Amino acid sequence: MAAAAGAPVLAPSAVHASPGWQPAFATPPADLPLTRARVRGRFPDALAGTLYRNGPAGHDLGGERYRHWFDGDGMVHRFLIAGSEVHHQGRYVATPKRVAETTAGRRLTEGFGTVFKDRESAASPDSMNAANISVLPLGDDLLALWEGGSATRLDPLTLQTHGIKTWRADLEGAPFSAHPRVEADGTVWNFGVSAHHGLLLLYEIGPDGALKRADALPVSDLPMVHDFAVTARHLVFLLAPLVYDATRREAGASFLDSHVWRPEQGMRALVIDKHDWKQQRQFELPTGFLFHIGNAWEEDTPAGTVIHLDYARSADARALLVDAREVMQGRLAGTPGPRLTVLKLHLRSGQVLQTDLGIEAEFPCIDHRLVGGRHRHVFHATSTVGGLPMWNAIACTHVETGASQRFRFAPGAIVEEHVFVPDASSGSSPGWVLGTVLDQASQRTVLSCFAADALADGPVAQATLPYALPLGLHGAFVSGAAVVSEKPT
Ligand SMILES: [Fe+2]
C-alpha cells in the first residue's frame, strides 16, 4: 500500500468513540512502505543511522477490536536518518498468530488482555505472542521483543520476519522479556517470568549474540515483572504485588486478568549475584507499581555496598489494569502518572531508603554507555495534560539533585519514548535525545532531535511523516549509514 503524501493511512475504527487522539490506537491496515518525511533543520552527524521502534498496532481485525492496548499485533518501524533526509518504514511482525489470523480474517486466539468468546485459548505463551513491545539489535538480527514468550528475528534492513529466536533447544518458547540490559561491552542480560510455574528465567548473552548462561530459578509469589536492572555485580528486580492466580486462568480469565493486585503484600526488591544466581536477597519496600527502571549502580562504602536505583513509580497498577483498557474505547481513566523515585538498598544492613523526586516520569532512559554504572541524568517523558493520553513533554532529570529541565511540545502532542544517542565525533558534545510524538492537531507523527543538555531550547531538527502512527512503546538507535533498500514513495 502506498502512502500518498498528506493522506491519513489509518482507517478509523467504528467500534468506539472518536476523540481527536483516536489515531493513537488505530490500526494501520497494512505495512507502511518506505516514505520520505518532511524535514526541518538538519539531524546531526551523530544521528546518521536508524531509529527502530516497536509497538502494538494491529488492534482491529475482522470487525473485532482488542480491549487492551498491549494486545495489538506488533509493528516495527525504522526511521532512516541522514542529515536533512529522513525516511520511515513500518512493517507488521509476521508472528504465527498474526499470519494465521490475517489469513483467516478474524482472531483465532486470545491476546494478553483480551479473551474472545468461543475462541481457542492459547496453547502456549507464543500462541499469543504479539512481538509488540521493543527491539534489540543483536548480531545480524533485529529482535522484536514481547514479554511472555520468544523474541522474534527480523531482517534489520527490510524488517522481514525470519522467525522465532531459540537460544537453546531446551529454552524453545521460553519467556524473554522486552527489557534486556546491554552493558558497555555488549554483554546482554535478560530475564523472563514463567508465571504459571513461578520461575524466573535469567539469560546472559555475549556481545556476539551467543548465549553464555541461562537458568530458571523458583521465586516465591513471583509477580508480573516488566523491567529489571543490572549493576557491576548484581541483577535487581522490583517485585510489585501484581500476583498470578492460576485459578483465575483456569476459569477463563485473560492472562492479564489472571493477575491480582495485592497491596497488602508490599513490594520487594530481589537482588541476585550476577555470577552465582543462587545467591539472592530480598528487601521489603512500600507497596507500589512500576513498568520501568532508569538504571542501577552500586557503591562500596565503609558501611557496605549500597545499590542505587531509580524507577518510575506508581501507587498501584491502574495504568495497566484500567487506563490501558479505557483508551481502546476512546476514554481516559485519568490515573495519575508515575513519578521518578530513587531507591537505596544497603546490602549489609538491609536498610531501604526511598525518595520520591516529585517529577512525573515514564519511559526513563539513560546514556546506554553507563548501564550498570553511575549515572546522573535520566531522560523521560513527563507532564500529563487533561484530555489526552500519555505525556506532553520530555525532560532530563538529575537523579541526585532532582534538578530537571524539560521541553513541552505544542498542545495536542502525545509524547512517546525518547532515547539518548551519544556523539562520538566530539568529546565535549553532551549527546542527543531522539524520539517521536503524535501530533493530534495535524494527525502526523513527528521525529525530533534535541541537544541533550538543552532540551528547553527545543528541537534542533524535526521530521514530519505524512501520516500518524499508532502510539508505540520502545525503540533503539543504531548508528551507521542507513540503507534505503527500496524506492521511497
Ligand atoms: Fe516497557
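One table, with the values for the structure above:
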| item | result |
| --- | --- |
| Under 5 Å, built H, 5+ apart or other chain: amide partners of ALA452 | GLY431, TRP432, VAL433 |
| Debye log10 I(q)/I(0) for region 397-445, one point scatterer per Cα, at q = 0.14, 0.29 Å⁻¹ | -0.53, -1.06 |
| Dipole moment magnitude, nearest 20 debye, the chain about Cα centre, only Lys, Arg, Asp, Glu C-beta charged | 620 debye |
| Within region 272-286, backbone nitrogen closer than 15 Å to the virtual label 7 Å beyond the Cα of ARG168 toward Cβ | 275-278 |
| Among SER124, VAL182, ALA395 the positive-end extreme of the charge dipole of the chain (Cβ point charges) | ALA395 |
| Using θ = phi - 60° and Karplus 6.51 cos²θ - 1.76 cosθ + 1.60, couplings along region 99-115 (whole Hz; Gly, Pro as x) | 4, 5, 6, 5, 5, 6, x, 7, 5, 10, 9, 5, x, 4, x, 10, 10 |
| FRET efficiency, 1/(1 + (r/R0)^6) with R0 51 Å, evaluated for ALA246 and ARG40 via beta carbons | 0.45 |
| Built amide H within the under 5 Å cut-off of ALA461, gap 5+ | CYS449 |
| Hypothetical label at HIS196: residues of region 95-123 whose amide nitrogen lies under 13 Å (7 Å Cα-Cβ projection) | 121-123 |
| Distance in nm between pseudo-label sites at ASP276 and GLU400 (7 Å out along the Cβ direction from Cα) | 3.2 nm |
| Fewest-first ranking of ASP73, ASP45, using other Cβ atoms within 10 Å as the exposure measure | ASP45, ASP73 |
| Per-residue ³J(HN,Hα) for region 67-72, Karplus 6.51 cos²θ - 1.76 cosθ + 1.60, θ = phi - 60°, Hz, x for Gly and Pro | 9, 9, 3, 7, 7, x |
| Protection proxy ranking, peptides 350-358, 109-117, 134-142, average beta carbon neighbours within 10 Å, highest first | 134-142, 109-117, 350-358 |
| Charge tally in the Cβ shell below 13 Å around PRO241, where Lys, Arg are +1 and Asp, Glu are -1, PRO241 excluded | -3 |
| Distance (nanometres) between label positions extended 7 Å along Cα→Cβ at VAL385 and ALA410 | 1.1 nm |
| Total lysine pairs whose alpha carbons fall under 19 Å of each other in the chain (8 or more apart, or interchain) | 6 |
| Ordering of 24-30, 466-472 by burial proxy (mean other Cβ atoms within 10 Å per residue, highest first) | 466-472, 24-30 |
| FRET efficiency, 1/(1 + (r/R0)^6) with R0 41 Å, evaluated for ALA424 and SER220 via beta carbons | 0.35 |
| Spacing of the two label points (7 Å from each Cα toward its C-beta) at GLU284 and GLN329, in nm | 3.8 nm |
| Ranked list, fewest to most other Cβ atoms within 10 Å of each Cβ, for SER442, SER254, SER425 | SER425, SER442, SER254 |
| Burial ordering of HIS197, HIS179, fewest other beta-carbon atoms within 10 Å first | HIS197, HIS179 |
| Karplus (6.51, -1.76, 1.60) ³J(HN,Hα), θ = phi - 60°, over region 271-279, in Hz, Gly and Pro reported as x | 10, 10, 5, 4, 9, 10, 5, 7, 7 |
| Cβ-Cβ FRET estimate between VAL478 and SER349, R0 fixed at 56 Å, reported to 0.05 | 0.85 |
| Local electrostatic count, THR27, Cβ distance below 13 Å [Lys/Arg +1, Asp/Glu -1] | -3 |
| Selection from VAL385, TRP432, PHE407 lying farthest towards where the dipole of region 373-465 points positive, charges on Cβ | VAL385 |
| Debye-sum result for region 352-489 in log10 I(q)/I(0), which assumes one identical scatterer on each alpha carbon, at q = 0.16 Å⁻¹ | -0.88 |
| Rounded D (µm²/s) - the chain, Kirkwood Rh over Cα pairs, Stokes-Einstein at 37 °C, 0.692 mPa s | 145 µm²/s |
| Helical contribution to [θ] at 222 nm, DSSP H n ≥ 4, -39,500 (n - 2.57), averaged over the chain, rounded to 500 | -500 deg cm²/dmol |
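Laboratory data are not the source of any read-out in this text; all were calculated from the coordinates shown. Predicted model only: the values in this text are computed from it and were never measured. FYI the Cβ positions are ideal-geometry reconstructions off the backbone, even for glycines, and counts take in every protein chain you see.
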